[in-house]
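**Student:** One structure follows; several queries about it will come next.
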Amino acid sequence: ASKGPMVSRALIGLFMAFLGAVILDQIIFREDVDQKKLELMDAKVRHILPGRAEELRRQLRDLDSAINVKEGERRDLLADISKNPTITVFSRTKVTTGNNGLGADDSTRVETVTRNSTQVQNPKITLLQPIDDQIAGLRSQKMTKDSSLLALRPAIEAELKGKNGFLDELEVLGKILGESNIALGAWIIWFGLLVFLELLILMGKIDEDETDYDVMLRQQMELHKKRLALLSRDTSAA
């Protein structure tokens, strides 16, 4: 028999033994993996938390400054309105008497100018409601940011848990094997056992005239030749 299929099967056996040992260790060391994942997650949270918390605090400081500015504007308006609840509006009326415009001497025409004053409500009162709405909006944003700051750690933990995949499991398992000689020894035992089983299967195939791999390859080649023949026949008929 050809050595190529045997070499390929041996390599496949090694890879399968490695993956099998990894999967078995994930099952055997499940509690240790979960504990290690919690430790790593806590370390990641401590690394991410300060930066995000500081950004939220900066936004809160900006909102506090904006609220203080608007409240200062409101106080100034109230002070002015309290001091001047009404304002005086002046008007002037001009009345002409005497000359009827028919060519008479202009000296007979008399113009009378009347000055009037009217008290009206201070127009700055209408500016209070828009400022109140702005202050209410800023305070609502601040409450939202405060809630986000309080729930920041659980939110980061949920985000990290949602991104946990197979590679993260391998990373955790690698750290466990690197830190514990007992865990590493157990993994080596499982890996060696699986490799031995694969080698037994491989040795059982050596004396066969044709391996399963050879049969599968030959069948694929025959099927491919039939397809080419059918394609050639259809092309000639066309």
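**Student:** Out of region 69-88, which residues are loosely packed, with under 11 Cβ neighbours inside 10 Å and closer than 17 Å to Asp133 by Cβ?
**Tutor:** Gly72, Arg75 - these are the residues of region 69-88 that are loosely packed, with under 11 Cβ neighbours inside 10 Å and closer than 17 Å to Asp133 by Cβ.
**Student:** Another one. Can you tell me which of (1) at pLDDT below 75; (2) open to solvent by 60 Å² or more (accessible area, probe 1.4 Å) is the one Gly178 doesn't meet?
**Tutor:** Exception for Gly178: condition (1).
**Student:** Just to be sure before I move on: is Ala186 modelled with pLDDT of 70 or more, open to solvent by less than 60 Å² (accessible area, probe 1.4 Å) and over 30 Å from Leu11 (Cβ atoms) in the structure I sent? Spell out how you get there, then give the answer.
**Tutor:** Values: modelled with pLDDT of 70 or more: yes; open to solvent by less than 60 Å² (accessible area, probe 1.4 Å): yes; over 30 Å from Leu11 (Cβ atoms): no.
For Ala186, the condition - modelled with pLDDT of 70 or more, open to solvent by less than 60 Å² (accessible area, probe 1.4 Å) and over 30 Å from Leu11 (Cβ atoms) - is not met.
**Student:** Let me ask something else. Filter region 141-175 for residues that are outside any helix (DSSP H, G or I) and at pLDDT 90 or above and give the result.
**Tutor:** Ala151
The values are calculated or read from the model by the stated rules, or taken from the named source; none is laboratory data. Quantities reported herein were computed from a predicted structural model and do not represent experimental measurements. Positions of Cβ are backbone-derived with ideal geometry, glycine not excepted, and every protein chain shown enters the neighbour counts. The area values use the complete protein model at the heavy-atom level, side chains included, leaving out ligands, DNA and RNA. Shrake-Rupley method; radii C 1.70, N 1.55, O 1.52, S 1.80 Å.
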